[in-house]
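Worksheet: one structure, shown below.
The values are calculated or read from the model by the stated rules, or taken from the named source; none is laboratory data. Since the model is a prediction, treat every value here as computed from it, not as a measurement. Cβ atoms come from the backbone with ideal geometry, glycine included; neighbour counts cover every protein chain shown. We work out accessible area using only protein heavy atoms, side chains counted, and drop any ligands, DNA or RNA first. Shrake-Rupley method; radii C 1.70, N 1.55, O 1.52, S 1.80 Å.
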Amino acid sequence: MGNRVSREDFEWVYTDQPHASRRQEILAKYPEIKSLMKPDSNLIWIVILMVLTQFVAFYLVKDLDWKWVLFWAYAFGSCINHSMTLAIHEVSHNSAFGQCKPMWNRWFGIFANLPIGVPYSVSFKRYHMDHHRYLGGDGVDVDIPTDFEGWFFCTTFRKFIWVILQPLFYAFRPLFINPKPISYLEIINTVIQITFDVVIYYVLGVKSLVYMLAASLLGLGLHPISGHFIAEHYMFLKGHETYSYYGPLNLLTFNVGYHNEHHDFPSIPGKSLPLVRKIAAEYYESLPHYNSWIKVLYDFVMDDTISPYSRVKRHQKGSVVLE
């Protein structure tokens with residue numbers, strides 16, 4: 001195995017996040033960046049178009065052979081559904097209708113959730129806000145893998161399986177790390193989603209339903225776009241906690257690759273993050289970054305010094321206010 005990582009290889013820190021201090025410095029030097037903190041109305045129309053595209057795909061696959069259902073689920077549907085989860089990420093930051101209309105964003109997120117097949121939008125919002133407030137927070141940030149994940153998925157083959165099963169770990173990890181009482185919006189999200197799934201099954205048949213669910217499972221697992229899960233915060237270089245990606249897949253992912261920029265300015269929509277980097281170039285050009293998510297996946301699986309343990313974890317200071 002070579003230099004196998006262990007639980008002790010979590011980097012424990014007691015300091016505050018670097019993003020807050022960098023944000024203050026940048027805003028002091030470039031106050032015009034505040035003008036970018038406004039909703040992206042184009043996001044609304046893009047999401048509607050994506051949802052309608054998947055509706056058409058549901059109809060087109062209903063009579064295909066099973067092999068072609070699964071082929072198109074991976075070749076096409078996976079890209080749309082993964083991109084849709086990142087649209088929901090944008091909506092969770094109120095980028096569709098702005099900070100003054102939070103409920104419009106929540107309802108729109110539930111609408112965007114429909115082609116994914118599994119209720120996701122409302123719960124993601126609740127946990128993702130904790131990820132920003134308490135990045136790497138032990139027992140709070142559910143983006144941090146569990147001890148079991150780090151202990152078990154430590155070999156090349158097991159890490160490969162872990163990458164395939166990423167959507168399942170992201171779905172169930174909150175129940176073990178930071179379970180929250182179910183909110184009424186989560187119940188609504190679930191009821192609407194299950195109703196939609198049942199309608200798809202009865203109107204179009206089981207193949208359309210399988211296409212929808214397979215597109216989500218495959219698209220969030222072993223897929224080029226899924227490299228962003230690992231690229232964002234896995235510590236390939238000691239001391240560097242967040243990494244940006246400046247490759248072409250940002251076109252499909254609402255610029256989620258601009259991740260240092262996003263954590264510095266979470267209220268700025270993805271479409272404007274390249275402008276943040278351009279304005280404050282001296283703050284970002286020196287930071288390590290990626291140009292290929294595929295290479296990130298390959299390096300994660302093949303490098304025996306990297307595992308789910310390769311994250312920064314923080315001891316929380318003071319009280320924690322959860323979403």
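A few points about this structure:
- Within a Gaussian network of the chain (alpha carbon springs, distance under 10 Å), most fluctuating of Tyr120, Tyr298, Tyr245: Tyr298
- Accessible area in square angstrom per residue, the chain, 1.4 angstrom probe: 47 Å²
- Shape index of the chain: Rg/Rh, with Rg the Cα radius of gyration and Rh the Kirkwood radius from the inverse mean 1/r over Cα pairs, equals 0.96.
- Values of log10 I(q)/I(0), in the order q = 0.13, 0.14 Å⁻¹, for the stretch 141-299 under a Debye, Cα-only, solvent-free model: -0.80, -0.91
- Counting only heavy atoms of the protein chains and using a 1.4 Å probe, His315 has close to 70 Å² of accessible surface.
- A simple spin-label model places pseudo-atoms 7 Å from Cα toward Cβ; at Phe176 and Ile294 they are separated by 3.2 nm.
- Computed magnitude of the charge dipole of the chain (debye, nearest 20; Cβ of K, R +1, Cβ of D, E -1): 420 debye
- Calculated FRET value between Ala20 and Asp304, using beta carbons and R₀ = 51 Å, to 0.05: 0.90
- Dipole of the chain computed with +1 at Lys/Arg Cβ and -1 at Asp/Glu Cβ about the Cα centre; of Met37, Met103, Thr253, farthest Cα towards the positive end is Met103.
- Efficiency of FRET from Cβ geometry, Glu285 and Trp104, R₀ 41 Å, rounded to 0.05: 0.65
- Sorted largest first by accessible area at a 1.4 angstrom probe radius, with every protein chain in place, the residues Phe108, Phe58, Phe152 fall in the order Phe152, Phe108, Phe58.
- Pairs from the table (Lys34/Lys271; Lys101/Lys278; Lys125/Lys313; Lys125/Lys207; Lys29/Lys278; Lys238/Lys271) lying more than 19 angstrom apart at Cα are Lys101/Lys278; Lys125/Lys313; Lys125/Lys207; Lys238/Lys271.
- Local electrostatic count, Tyr211, Cβ distance below 13 Å [Lys/Arg +1, Asp/Glu -1]: 0
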